[in-house]
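Structure record follows, encoded as structure tokens.
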Amino acid sequence: MTDLLIRQIKDRDAKRVLAAFLEITRTSKWLLTPPEEAPKNVKDELKFIRRHTKSKNSHLVLAEMKGEVIGLCGVEGTKKRRNCHVAVVGLAIRKNWRGKGVGFAMMRYIVSWAKGAGLKKLRLSVIADNKIAQKLYKKMGFKMEGRFRRELKIGTKYYDTIEMSKFI
């Protein structure tokens, strides 16, 4: 994967990022955001990008292979002084690129960025049935902190979520 580029998302990426995200929402049964709740247009995506770009404890990155956006990762912190050292991570990889190390590379990038940004803890939620993602997060040093029973409803089925974190 020598051609893999991971970098911060810029305003100019909004159209390509939105297209990739919409595809991911249609092809991933594990993503929190269903297609009908995804940004509707480039203008909405641009607002999302700019909100994260202005924040010191939030960051958006993409993974690119030969100009194609193949993965997205976001870190979102709060503005509250008491927990601005904590941020929530979200990861989404295009279907054809899952299981090929893209998620690991993106998570490694995010952990490095978080250290540099002065964050002390990253946390995330993963659907309990998504064993592949859990394996990745454990490999990155995330530990289980808890389980929320029947936290998500996808279609007619309820799923538990596992809450995980990593101190950095």
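Taken together, the values in this text are just the output of simple stated rules run on the coordinates, not laboratory data. Note that this is a predicted model, so its numbers are computed, not measured. Ideal geometry is used to build each Cβ from the backbone, glycine not excepted, and the neighbour counts take in all protein chains shown.
The local environment of residue 147, defined by Cβ-Cβ distances under 10 Å, has a net charge of -3 under the rule Lys, Arg +1 and Asp, Glu -1.
The value given for the chain is a Kirkwood hydrodynamic radius of 16.4 Å, derived from the mean inverse Cα-Cα separation. Note on the stretch 99-164: lysine pairs with Cα distance below 15 Å, sequence gap of 8 or more or different chains, count 8. When the chain is described by a simple charge dipole with +1 on each Lys and Arg Cβ and -1 on each Asp and Glu Cβ, the residue from 48, 14, 59 located farthest towards its positive end is 59. Compared with the alpha-carbon gap, the fully stretched path from residue 112 to residue 19 is longer by 30.8 nm at 0.36 nm per residue. Distance distribution P(r), the stretch 36-105, all Cα-Cα pairs, bin width 5 angstrom from 0: 3, 14, 20, 22, 19, 14, 5, 2, 0 percent. Its relative contact order, with pairs defined as Cα atoms under 8 Å and 6+ residues apart, puts the stretch 34-168 at 18 percent. Taken about its Cα centre, the chain carries a charge dipole of roughly 540 debye when the Cβ of each Lys and Arg holds +1 and the Cβ of each Asp and Glu holds -1.
Using the Cβ atoms and a cut-off under 10 Å, what net charge is assigned to the surroundings of residue 159, where Lys and Arg are +1 and Asp and Glu are -1? The answer is +2. The distance linking the stretch 9-54 with the stretch 100-136 is 19 Å (Cα centroid to Cα centroid, whole angstrom).
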